[in-house]
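Derivation of every value follows stated rules applied to the coordinates shown; laboratory data play no part. The model shown is predicted, which means the values in this text are computed figures rather than measured ones. Please note: Cβ atoms are built from the backbone with ideal geometry, for glycine as well, and neighbour counts cover all protein chains shown.
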Amino acid sequence: MEGGGGAYGAAKAGGAFDVGRFVQQPHVVARIASAIFSLIVFCCLIGEGYTNVPTSSELFCIFNHNEDACRYGIGIGVLAFLACIFFFLVDIYFHQISNATDRKYLVLADLSFSGLWTFLWFIGFCFLTNQWAWTPAKDVRVGADSARAAITFSFFSIFSWGFLIAFAYKRYKMGVEDFAHNYVDPTPEVSAPYSSYPNVSHDSYQQPPFTHTADTSGGYQPPPVY
């Protein structure tokens, strides 16, 4: 199906872009919120996620000195932020894509990535919360608010990305239903019964002009003498 109007929840290809209507779409709002949450998480961890103890000048992760906790939070936060920017640009140019197959793949990519990152944010929230609970109070001189903010917005990210799953699935379902409603199964041509050669019938058959007449007299007939 090429260039269908409104395929996969978007306006007809080539239509005018309305900024006000665009930013009011639920999946765009959820994507902006997800980008902000991701930005807060990795900025908090980069800015104040590392501290040192009084007896050493070496920096340690504020989450129970577990470097993996800080790396995990920063990693998924940065990748989530970049992905939000990418899909935000896709949302802007989505209505200009005339090929419904390309729209389908982009919506499936959004659905798959949103599902994966919802799971990763859930793991990150549990991981950071567990390590924060085991962090000795004496080791936290600065950065406690940043650590709590990273945990809080990791929790919020679970729901924002969960909403993106729901919106992407809704768009995919709209595209599938639109294809089902517009697709017409071609009717197979009914072959006509075999007809004989035109203007020829069995009744018009004539005996050939040269035929052999059987001798019914039973006697020998000499050839004529000239």
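Over all alpha-carbon pairs in segment 92-179, figure out the percentage whose distance exceeds 15 Å. Please report the intermediate quantities before stating the final value.
Values: 2553 of 3828 pairs.
The share of Cα pairs beyond 15 Å in segment 92-179 comes to 67 percent.
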Descending principal axes extents, segment 18-179, alpha-carbon based, whole Å: 66, 26, 21
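Would you kindly state how much longer the chain becomes between Q25 and L79 on full extension, computed as 0.36 nm times their sequence separation minus their alpha carbon distance, in nm to one decimal?
Stretched fully, the Q25-L79 segment lengthens by 17.1 nm.
Take each of the peptides 162-175, 123-136, average the number of other beta-carbon atoms within 10 Å over its residues, and list them starting from the highest. Numbers along the way, then the final one.
Numbers: 162-175: 19.1, 123-136: 16.7.
Those peptides, ordered most packed to least, come out 162-175, 123-136.
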Can you figure out the FRET efficiency of T152 with S98, using R₀ = 35 Å and their beta-carbon distance, to the nearest 0.05? 0.25
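Once R0 is set to 41 Å, what does the formula 1/(1 + (r/R0)^6) return for the Cβ-Cβ distance between I32 and D139, expressed as a FRET efficiency to the nearest 0.05? It would help to have the intermediate numbers written out before the result.
Details: r = 36 Å, r/R0 = 0.87.
About 0.70, to the nearest 0.05.
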